[in-house]
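To keep things clear, I will list the structure first and then write my remarks on it.
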Ligand SMILES: [Fe+2]
Ligand SMILES: [Fe+2]
């Protein structure tokens, strides 16, 4: 089967000026754009490997953190983990055609912090990959100890894939 390339799926988002503002936002010691690309590239790879809807999976992953720090700071009194998926979803819907699956991926990516639960395998994949990537990026930034964090990522990755299989087996 011929798959669309990651670049061709990401093209629409990477040519959007509002989305590109994420390249000026810091996130786990890198930019929010780089974090989003790191997560989306992994989601793309695993979605193809597990025969999922890789196009929606990649699109949802690309915009899962589509918010600026200024937008977040204007939401008073709530913690970032709960609020930022809602801001990201509103921004994504404002700029792109977002289907129901992609919307749920964005809303639920902070699960179990989020009120919304992941409703598809693609959403479960995103919430897992995002956490592992965040841990890896944060550990690399904080400790600058790539070797250990790669091992950590590998161990957590195996654990996540096991849980992913357990959760999704037999479900749509
Ligand atoms: Fe996030
Ligand atoms: Fe993220």
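Report the calculated FRET efficiency for residue 23 and residue 131 (r = Cβ-Cβ distance, R0 = 22 Å), to the nearest 0.05.
Values: r = 23 Å, r/R0 = 1.03.
Approximately 0.45, to the nearest 0.05.
Taking a ≥ b ≥ c as the square roots of the eigenvalues of the Cα gyration tensor of the range 1-145, is the shape rounded (a/c under 1.5), prolate (a/b larger than b/c) or oblate?
Numbers: a/c = 1.33, a/b = 1.24, b/c = 1.08.
Rounded is the answer for the range 1-145, as its axis ratio a/c remains below 1.5.
Per-residue counts of other Cβ atoms within 10 Å, averaged by peptide: what ranking do you get for 15-26, 43-54, 59-70, 124-135, highest first?
Values: 15-26: 13.8, 43-54: 18.1, 59-70: 24.3, 124-135: 21.6.
Output ranking for 15-26, 43-54, 59-70, 124-135: 59-70, 124-135, 43-54, 15-26.
Coordinate-derived values only; no laboratory data. All figures in this text were calculated on a predicted structure; none of them were measured in a lab. Backbone-built Cβ (ideal geometry, glycine too); neighbour counts: all protein chains shown.
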